[in-house]
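Data block below; observations after.
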Amino acid sequence: MRVLPGSRKVVFDLEVVDDYPPVASEGVWCTLAPDGNFRVDNLPFYVPGLALGDTVSAEEEDGVLFATGVVAQAGHSTLRIAFFDESVVEGVRSTLQAMGCAWESMKGGSFTTVDVPPDVVYADVLAFLSTLADADELDYEESCIQHS
């Protein structure tokens, strides 16, 4: 992930249920928009209902920006993938990129978040991932669906 000049972290509080997500908050890089809100610049790993390009409101407290809500959606969708078979990771990521998606990973690469831009056919991405999930190579979660 490339941090854009002028980006700031906006912290989102998370609800932890049965030890998931493994963190109580997530900082997401955002750029200040002309209206005083913030545009999401990187893929969220755990924040539900948030996608790349969305606009969020935030309040500053002790030098830290805390998200207060989503102001506008940008039309992207966010998926999370947990890989069970490391041998398929690079192939899956390459295929997703060829489909027009972007991704970021963490935890040694076994956990990946995926951006599905508005111009990518969401059903095609789901069909691809469903086949691999049925083969027990990965599991995926739809974190934010903005495609119709």
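The values are calculated or read from the model by the stated rules, or taken from the named source; none is laboratory data. Everything numeric in this text was worked out from a predicted model, so none of it was measured. Virtual Cβ from ideal backbone geometry, glycine too; neighbours counted across all protein chains shown.
For the range 46-81, enumerate the residues that are at positive phi and in contact (Cβ under 8 Å) with a residue 24 or more places away in the chain.
Residues satisfying the conditions are 49, 75.
Can you say whether residue 120 is under 15 Å from the mean Cα position of the chain (by Cα), surrounded by 15 or more Cβ atoms within 10 Å (Cβ to Cβ) and of a type in the set (A, V, I, L, M), as far as the supplied structure shows?
no
Consider residue 43 against the criteria (1) surrounded by 14 or more Cβ atoms within 10 Å (Cβ to Cβ); (2) without any contact (Cβ under 8 Å) to a residue 60 or more places away in the chain: it satisfies all of them except one. Which criterion is unmet?
Residue 43 satisfies every listed condition except (2).
Of all residues in the range 5-24, count the ones that are out of contact with any strand residue (DSSP E or B) (no Cβ under 7 Å at 6 or more places or on another chain), among the β-branched types (Val, Ile, Thr) and either buried (at least 16 other Cβ atoms within 10 Å of the Cβ) or not in a strand (DSSP E or B) (or both).
Adding up the residues that qualify gives 2.
Of all residues in the range 123-141, which are buried (at least 17 other Cβ atoms within 10 Å of the Cβ) and either touching a residue at least 60 places away in the same chain (Cβ under 8 Å) or more than 15 Å from residue 43 (Cβ to Cβ) (or both)?
Within the range 123-141, 126, 129, 132, 137, 138, 140 meet the criteria.
If you go through the range 25-40, how many residues are assigned to a loop (DSSP other than H, G, I, E, B) and modelled with pLDDT of 95 or more?
1
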